[in-house]
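A.B. asks: My questions will all concern the structure given below.
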Amino acid sequence: MSELQQRLNELFEYKDGELFWKVDRGAVKCKGKKAGAVNQGYRIINSAAIGGYMPVHRVIWVMHNGDAPECLDHINGNKLDNRIENLRPATRSQNGFNITAMTTNNSGAKNVSWRGDTNKWRVTLMVSGNKMSFGHYDDLELAELVAHEARCKYHGEFANHGVSNV
């Protein structure tokens, strides 16, 4: 067991995706109280006892596994669902694959956008760090199908088809 893992297990109790303080660490960090606060969609813990800021999902991963990978992915896309079974190691690219459609999306379909210069729907997605085009289509439904197939092929288990799995 790593030193960090041991320290985290001394400080926190894990219950179904949540962390609770095992010890009193001042007026706010009381034994039995839920640890952390939400910041930019993630629950974060700030404590000198762990060396500063640490996202709860990383704390939970280290408590269970002893080390933390470069990046952790929330399988269902919910940044506040920190159940250990909802976390998996990922690269930054893989983590980026598992996001919903951008709010600026003009088609309603992930990886599909309208091109005014061609008057067609264009399908693009990231492959090996490069934006790749999968063609231009008159029909939005066909473009959505092409995008879905491309995500399955190139993003594998990290493919998110534009909707939250929450």
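A.B. asks: How many Å² of accessible area per residue for the range 1-147, probe 1.4 Å?
C.D. replies: 57 Å²
A.B. asks: Straight-line reach from Lys153: which lysines have a Cα under 20 Å away, not including same-chain ones fewer than 8 places off?
C.D. replies: Those lysines meeting the cut-off are Lys110, Lys131.
A.B. asks: Based on the Cβ-Cβ distance from Asn130 to Ser2, what FRET efficiency comes out when R0 is 41 Å, to the nearest 0.05?
C.D. replies: After rounding, the FRET efficiency stands at 0.65.
A.B. asks: Based on the Cβ-Cβ distance from Asn65 to Thr104, what FRET efficiency comes out when R0 is 45 Å, to the nearest 0.05?
C.D. replies: 0.80
A.B. asks: Where does the range 1-113 land on Rg/Rh, using Cα atoms and the Kirkwood Rh?
C.D. replies: Taking Rg over the Kirkwood Rh, I get 1.05.
A.B. asks: Here is a follow-up. With charges set only on the Cβ (+1 for Lys and Arg, -1 for Asp and Glu), what does the dipole of the range 1-92 come to about its Cα centre, in debye to the nearest 20?
C.D. replies: With Lys and Arg at +1 and Asp and Glu at -1, about 320 debye.
A.B. asks: Let me ask something else about it. So what is the relative contact order of the range 81-166, in percent, for Cα pairs below 8 Å that sit 6 or more residues apart?
C.D. replies: Value for the range 81-166: 29 percent.
A.B. asks: Moving to a separate point now. Which ³J(HN,Hα) values, rounded to whole Hz and listed in residue order, are derived for the range 130-144 from phi using the Karplus coefficients 6.51, -1.76 and 1.60 in 6.51 cos²θ - 1.76 cosθ + 1.60 with θ = phi - 60°, glycine and proline given as x?
C.D. replies: 10, 6, 10, 8, 10, x, 10, 9, 6, 9, 4, 4, 5, 4, 4
A.B. asks: Right, something else. Equivalent-ellipsoid semi-axes (√(5λ), Cα gyration tensor) for the range 65-166, whole Å, largest first?
C.D. replies: 29, 14, 10
A.B. asks: Please list, or write none, the lysines whose alpha carbon is within less than 22 Å of the alpha carbon of Lys31, excluding same-chain residues fewer than 8 places away.
C.D. replies: Correct list for Lys31: Lys15, Lys22.
A.B. asks: Dipole of the chain, Cα-centred, from +1 at each Lys and Arg C-beta and -1 at each Asp and Glu C-beta, to the nearest 20 debye?
C.D. replies: Taking the Cα centre of the chain as origin, the dipole is about 540 debye.
The values are calculated or read from the model by the stated rules, or taken from the named source; none is laboratory data. Predicted model, so just to flag it, every value in this text is computed and none were measured. Backbone-built Cβ (ideal geometry, glycine too); neighbour counts: all protein chains shown. With ligands, DNA and RNA removed, areas are computed over all heavy atoms of the protein, side chains included. Shrake-Rupley method; radii C 1.70, N 1.55, O 1.52, S 1.80 Å.
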